[in-house]
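Derivation of every value follows stated rules applied to the coordinates shown; laboratory data play no part. Bear in mind that the values here come from a model prediction, so they are computed numbers and not experimental data. Backbone-built Cβ (ideal geometry, glycine too); neighbour counts: all protein chains shown.
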Amino acid sequence: MFITLEGPDGSGKTTQIRLLYDALVAAECDVLLTREPGGTAIGDQIRTVLHDIENSDIVPETEILLYSASRAQLVGQVIRPALAAGTIVLCDRYADSTMAYQGYGRGLNLEALTAITDFATGGLKPDLTLFLDLEPEIGLTRRKTSGQEWNRMDRQTLDFYRLTRRGYHTLAEMEPERWVSIDASGSITEVAAAVWATVQRRLNLQGQSPCG
Ligand code: TYD
């Protein structure tokens, strides 16, 4: 089972995926937590280039190829072997971020992005994508007050984040069986409960619960 978390910046993905990981470990599941961009030694080097505020002159095509290179490494080195071993894989962002940010946000050609993504991932898609939905204004305020790293992607305009969010909604509408949308405006505990209920339901459906 391959589960991804998606959502705008500041939607709490990183907190929620950690809580989900802890809940799965407590349920004795064999689970692996990773993230994009990064998740491998090579991917983390690519992440540094992507996040460097000095690199404001990255052209959109370079940006997509770097995200995709990081993803190809992660899929080949980490995700596919883990799935083959029966491990549940949790990933903080995946290819849908490329469609939402570079496609709908930056306006790059969606067919080209799909082809690049298929090449990078060998067509590997998540079984379940949890979308933490939040108004971009709230997400940005959270980001600014969180004390987390402030990176190149945090410097986009509000319009960019609005387009990205709308893109996520379009992606979710296109594949309703894969996507579950969760209101991320609630407290950490409320959102975590909704995430856990969704994942438990899916695991039960797949006959994998209880784990172990
Ligand atoms: P990160 O610090 O991981 O932020 P978050 O906690 O919000 O995930 O930064 C990742 C940034 O990279 C985020 O702004 C989204 C962006 N991104 C893309 O634009 N395209 C992609 O394909 C991926 C994976 C991320």
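Values as computed for the structure displayed
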{"quantity": "Taking N as its residue count, the alpha carbon Rg of segment 2-203 over 2.2 N^0.38 Å", "calculated": "0.96"}
{"quantity": "Contour minus Cα-Cα distance for Thr14 and Ala115 (0.36 nm per residue)", "calculated": "33.6 nm"}
{"quantity": "Order of Met153, Met1 - criterion: other Cβ atoms within 10 Å of each residue's Cβ, fewest first", "calculated": "Met153, Met1"}
{"quantity": "Dipole moment magnitude, nearest 20 debye, the chain about Cα centre, only Lys, Arg, Asp, Glu C-beta charged", "calculated": "160"}
{"quantity": "Per-residue Cβ neighbour rank within 10 angstrom, fewest leading, Phe2, Phe160, Phe131", "calculated": "Phe160, Phe2, Phe131"}
{"quantity": "Gap separating the Cα centres of segment 8-26 and segment 97-138, nearest whole Å", "calculated": "20"}
{"quantity": "Over segment 27-98, relative contact order from alpha-carbon pairs under 8 Å, at least 6 apart, %", "calculated": "50"}
{"quantity": "Disulfide-incompatible cysteines by the Cβ rule (no partner under 4.7 Å) in the chain", "calculated": "Cys91"}
{"quantity": "Helix 188-205 axis, angle to the chain major axis (alpha carbon atoms, nearest 10°)", "calculated": "60"}
{"quantity": "Degrees, to the nearest 10: 110-121 long Cα axis against longest axis of the chain", "calculated": "50"}
{"quantity": "Order of Asp96, Asp183 under a 10 Å beta carbon neighbour criterion, fewest first", "calculated": "Asp183, Asp96"}
{"quantity": "Additional length obtainable on full extension of the chain from Glu175 to Ala193, 0.36 nm per residue less Cα span", "calculated": "4.1 nm"}
{"quantity": "Dipole of segment 1-132 [Lys/Arg +1, Asp/Glu -1 at C-beta], most positive-end residue of Ala85, Ala41, Ala72", "calculated": "Ala85"}
{"quantity": "Where labels lie 7 Å past Cα in the beta-carbon direction, separation of Ala26 and Ile58 in nm", "calculated": "3.6"}
